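This report refers to the structure that appears directly beneath it.
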Amino acid sequence: MTTKNISRRPCTFEMADAGDDTLSELSKTPSVFTLNVTENVTESRLKAVKDSIAEEVNILEKIQEPHEDDVTEMIQAYDLLTWLEFKVGCEDKAEEFNKKALALAGEENRAAFSLGNRAHLMWSQGDVDQTMVCLSRLAPLRQGGAQEQCTAAIQGGQAYCLLRLGGLSNLLNSLTLYEKALSTKPQSCLWVLQAGRVYKRLAHPNFLKKGEKIDKELKAKREQNARICFQNVSQQSSNPRLKAMAFSDLANMGSISRLPRRDIQHLCDEALKHDCQSPYVLLHCGKSLVWIDISKAKGLLEEASNLRPSSHVSFELGRCFFSMSKKYPCRAEYYQNEAEKSYRESVRLAPNNMPARYSLAVLLWDIGRIEEARKECMRIIATVKAQDQCYAQTLMKAYEKAAICQLELCQDKEFVANLTPPISVSSLKEGAENMLLIALEMGYNLLSQREIEIYLRPSLVSLAHISFDKKDTSSALQMISTVFHYAKQPRYSLQALDKLLDHVSDAPKDIIYVLKSYHDLRSYEKAYALLQMYTTRLGPSVISHDLHQQLALSAAYARLRFDSRHAAQIFKSLFYLCKQTRDSLRAGQTHGKPSPSSGALPQPKPSDTSASDQALDVLILHDEPRDPSALGLIFRELQQAIISVFGLNVSRNLKGCYEPGQKQKLLFKEITKAEVVLVLLGPDPMRPYFEGVLDFLPGFMEKSEDNPVPPRILIACTNDSVEVQSPVSVFPKTPFIAPVVASLKAVEQRCQDNDEALGVTSDMSEDRVSAIVGDVLSFFCCLTSIDWQPPSDMTH
């Protein structure tokens, strides 16, 4: 037997000296040697596949009366073993398996793929004569009426090879070949079963990335296609071995998708009824029954291990023992020892079985052998490449578990005492932090948001605790924001932030960091409460005017959505923040624009009440004809809504203002008393007396001794059909007032009648609720001349 290193066994046609015609014909001959294997198949992977297929062949060869599908599968296995032995340098074994394939295939169409393999094998050995013999035998099989059947047989053989080699590209190409082969020979239950296995493997999260997320629709589609394939085989195949495997695959998929227990039990019973000696069937039924009948599952897995010891079976047996250690605490130590033996046997049989190695690490962690668990995780990290999709989730979990082990070891005094430079507790913690971030980044790309919180919860909790251990507030808050980036749900970050509060200094920088962090985590009420606390304790100069407004409006937004009864308190406080500047200017205390730091949110004092009865928050002017009008109705609804929703004083004064000789004097008195003048305009023509009122308004924009701070004058049109003409066209406009009034009424009605906040109901959609809140806040911002950035969770 000739054995050569795999690195020195390139399969190239130039290894023999022959004519170009022969070389050209050979390059067009389908075989495993010319198969487009797109994945980087490692030597260890080749060996694992070779050993697995060899064990399956041993079982197939023992069948007394093989079915046609059994013979076809043996030919497929021999063909792939031919190439695998050749790749590892065992040419004698490769030729032996090729002869077995040809002997089983005979001169039928299914011999075409095996003949192609032999032609390439002979060519690589320099035997041109045998190469030509193989090509001449292939010619009649690929011509005439048998051409389609021959092509289908070749496609089936190629698809099997790609399926067994694995990898995303190989599996996708395998699926394409199976679909082509089945279009010619749909009655092949073997190919249908194998296509189902391709669909099943492609439904794994590692193969379902859409951009940076899992494509759930594609996952469901592939799982459904796999079930259809297995169901067809279980119903149509006359081969009990295939039927048993199809039932066991259905049971395995059912256990993953949480089918009712009786359905899984029934599928396992059907599988075992048709073939109770198949290691494949015993393995999959054992896996499926672990959460239903753990004792029976253990027996099936042990039987499978006795029939055909394999890394996979030992791994599943270890998982079964580990589950039994949880179910039967009185015998936990015994089952833990058995689980460890099984996991170590699995790793011994296949050192690259990373899920088995990770499960061993979890077991060691569970029984308190933290340092050993960390070492196993570090072996996974050192072995698996980040781009290896087959083990992406295992690598992600290994990073997380290794980090948690390191953090735990940092609390072990004996372990810490034995550390030698340059390794220290701080370096271990820093390394753990980096590994947790890597795990979360991988999870962010692999898992859904819900799965991140389920499977990576230890990482989120650990990072939240790490943030609490940070020495400076800004570093802690940066880590908290990182946790929020991955978790999206803010509870982990908020827990850490709450712990951090007692350690925050009174430095303005730290306070602003904390306030912004609570705001970014959508804890608007907490941010607003802290704003009031810090303002009361440290004075209004600590926090900027703009941040005051942002926090207050976000809190108002939250109350509109969740507790509308108390939103008016925030609106009124914020309105008086703006009014405070006007009052101070009237008293001659300041001149010009208010400083950015002068904006505390003062709650109205008891003494403010009498003053506010005399001063007006909002004065509404509108044309009021003798007959009831739509404009008058809108005015009354707007007036009541501003009082109820915003908590402001609202008045109008038209009567008596328009008598001869009194118009200008009374109008001046009322307008200068108001903070905001709202001019309500409708589509109907205005009466002359109201046009005269509008003529006076531009004069109030000029400062004077009696009018040191002119009121804010706004034009409120009922809808887009209203045309604003000179002289009031110079004033800013509010949003169209009719929809605003409708939204204000919705909030007012909900508060008064139901005593609850706005919420999604059968007659009010999420979009409608967002639109109402948006209208209310936009109108208030117009009244107060505030530029506000809506929260990210506000869709309107």
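Some notes on this structure:
- Matching residues in segment 88-118 - criterion: being among the charged types (D, E, K, R) and either outside the structural domain of Gln76 (by TED's automatic domain parsing) or under 20 Å from Leu46 (Cβ atoms) (or both): Glu91, Asp92, Lys93, Glu95, Glu96, Lys100
- Of all the criteria given as (1) under 35 Å from the mean Cα position of the chain (by Cα); (2) hydrophobic (A, V, I, L, M, F, W, C); (3) closer than 15 Å to Asp69 by Cβ, the one not satisfied by Leu242 is (1).
- Some residue of segment 436-452 being more than 21 Å from Cys377 (Cβ to Cβ) and modelled with pLDDT under 65: yes
- Filter result for Lys385 (of a type in the set (Lys, Arg) and over 28 Å from the mean Cα position of the chain (by Cα)): no
- Remark: Arg537 falls outside the filter, which requires a residue to be at pLDDT 75 or above, more than 15 Å from Ser573 (Cβ to Cβ) and part of a loop (DSSP other than H, G, I, E, B).
- Residue in segment 23-67 that is surrounded by the most Cβ atoms within 10 Å (Cβ to Cβ), counting only those that are small (Gly, Ala, Ser) and under 40 Å from the mean Cα position of the chain (by Cα): Ala48
- Residue in segment 68-84 that is over 44 Å from the mean Cα position of the chain (by Cα) and surrounded by fewer than 16 Cβ atoms within 10 Å (Cβ to Cβ) present: yes
- Segment 402-423, subset aliphatic (A, V, I, L, M) and in contact with a Cys (Cβ under 8 Å, 6 or more places away or on another chain), residue modelled with the lowest pLDDT: Val416
- Among the residues of segment 106-120, those that are within 29 Å of His67 (Cα to Cα) and surrounded by 23 or more Cβ atoms within 10 Å (Cβ to Cβ) comprise Arg110, Ala112, Phe113, Ser114, Leu115, Gly116, Asn117, Arg118, Ala119.
- Number of the exception - Cys134 against (1) touching a His at 6+ places or on another chain (Cβ under 9 Å); (2) over 26 Å from Thr184 (Cβ atoms): (2)
- Any pair with Cβ under 8 angstrom, 6 or more apart, that starts in segment 307-323 at a residue that is over 23 Å from Lys50 (Cβ atoms) and ends at one that is β-branched (Val, Ile, Thr) and outside any helix (DSSP H, G or I): Arg319/Val290; Cys320/Val290; Ser323/Val290
- Residue tally, condition in a loop (DSSP other than H, G, I, E, B), at pLDDT 70 or above and of a type outside the set (S, T, N, Q), over segment 751-796: 3
- The condition (being in a helix (DSSP H, G or I), under 26 Å from Ile294 (Cα atoms), within 23 Å of the chain's Cα centre (by Cα) and at pLDDT 90 or above) is satisfied by just one residue among Glu270, Glu223: Glu223.
- Test: residue in segment 727-736 that is polar (S, T, N, Q), at pLDDT 80 or above and either crowded, with 18+ Cβ neighbours inside 10 Å or outside the structural domain of Val645 (by TED's automatic domain parsing) (or both): yes
- Residues in segment 357-386 that are in contact with a Leu (Cβ under 9 Å, 6 or more places away or on another chain) and of a type in the set (A, V, I, L, M, F, W, C) were compared, and the one that is surrounded by the most Cβ atoms within 10 Å (Cβ to Cβ) is Ala373.
- Of the residues Ile228, Ile292, the single one that is of a type in the set (A, V, I, L, M, F, W, C) and assigned to a loop (DSSP other than H, G, I, E, B) is Ile292.
- Some residue of segment 142-164 being under 15 Å from Trp83 (Cα atoms), among the charged types (D, E, K, R) and in contact (Cβ under 8 Å) with a residue 60 or more places away in the chain: yes
- Selected residue [within 30 Å of Ser44 (Cβ to Cβ), surrounded by 18 or more Cβ atoms within 10 Å (Cβ to Cβ), of a type in the set (A, V, I, L, M, F, W, C) and at pLDDT below 90] from Ala203, Ala159: Ala203
Okay, residues lined up against (1) modelled with pLDDT of 80 or more; (2) among the charged types (D, E, K, R):
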position: Arg8; (1), (2): no, yes
position: Thr12; (1), (2): no, no
position: Thr22; (1), (2): no, no
position: Glu25; (1), (2): no, yes
position: Pro30; (1), (2): yes, no
position: Phe33; (1), (2): yes, no
position: Glu39; (1), (2): no, yes
position: Ser44; (1), (2): no, no
position: Ala54; (1), (2): yes, no
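- Take the conditions (1) touching a Ser or Thr at 6+ places or on another chain (Cβ under 7 Å); (2) touching a residue at least 24 places away in the same chain (Cβ under 8 Å); Cys268 misses just one of them, which is (2).
- Some residue of segment 336-356 being surrounded by 23 or more Cβ atoms within 10 Å (Cβ to Cβ) and among the acidic types (Asp, Glu): no
The values are calculated or read from the model by the stated rules, or taken from the named source; none is laboratory data. What you see is a predicted model, and the numbers here were worked out from it, not measured in a lab. Please note: Cβ atoms are built from the backbone with ideal geometry, for glycine as well, and neighbour counts cover all protein chains shown.
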